[in-house]
Amino acid sequence: MLALLHGASSSEVRMLHVTDVDPAAQTVRLGKRPHPVPLDPASWTVLQRCLAHREAWRTDNPHVMVTKGTKAGRSPASTAYLSHVLDDCGFLPRTIRSTRLVDLVNTMDPKLVAAAFGMDPQATLIYLADHVDEGRLPTR
C-alpha cells in the first residue's frame, strides 16, 4: 500500500520503525522525506495490521515489518523478503512504486515531487521518458 499510494521504496518500508508512526496524526516518516506522510484509510488499516502482527510476536525489534528471522533481533526485514511479499500479485514493489511516481511526475511538477519524496530532482526525469503533454505544445 505504501508503494502503491505513497510511492514508498522498498528501503523506506524495510527501515520503517514503530517510532516513525504517529497514531494521532495517522502519519509515517518515510526515509529522507522532509515531512511526515499522511496515510489514507486503506494504508492506515494495513499499517495497523502490521503493527498488530508485530505485537502478537512480542518482539523488541524496532521495525514495523518483522519476520520470523528478525523478530528476535533488531535488524530490518531482508531485501529478498520484501521482494517476495508481493509474489502472489505478480508485481515487484519497485514496479508498483515506479507506477505511482510516473503518475505523479507526469501530472505535477517533477521538482515538487522530488522535494516531497526527498529525491534528487534529476532522479524524477527518468519518469518523464516518452511523455508529451499535448497541452504544453505550441498550437500550429
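The values are calculated or read from the model by the stated rules, or taken from the named source; none is laboratory data. Keep in mind it's a predicted model, so treat the numbers as computed, not measured. Ideal geometry is used to build each Cβ from the backbone, glycine not excepted, and the neighbour counts take in all protein chains shown. Keep in mind that these areas ignore ligands, DNA and RNA; they rest on the heavy atoms of the full protein, side chains included. Shrake-Rupley method; radii C 1.70, N 1.55, O 1.52, S 1.80 Å.
The criterion of at least 3 residues that are over 23 Å from L112 (Cβ atoms) and either open to solvent by 60 Å² or more (accessible area, probe 1.4 Å) or of a type in the set (D, E, K, R) (or both) is met by the following helices (runs of 4 or more DSSP H) wholly inside the range 1-100: 41-56, 79-85. Say we look at the range 122-140 and pick out the residues that are assigned to a helix (DSSP H, G or I) and loosely packed, with under 13 Cβ neighbours inside 10 Å; which of these is modelled with the lowest pLDDT? Looking at the filtered set, the residue picked out is R136. Give the residues of the range 24-38 that are of a type in the set (K, R) and in contact with a Phe, Trp or Tyr (Cβ under 8 Å, 6 or more places away or on another chain), sorted by residue number. Correct list: R33 only.
The set of residues in the range 23-54 being more than 23 Å from L86 (Cβ to Cβ) and more than 16 Å from the chain's Cα centre (by Cα) consists of P23, A24, A25. Being over 25 Å from V21 (Cβ atoms) and polar (S, T, N, Q) is a condition met by at least one residue of the range 109-127.
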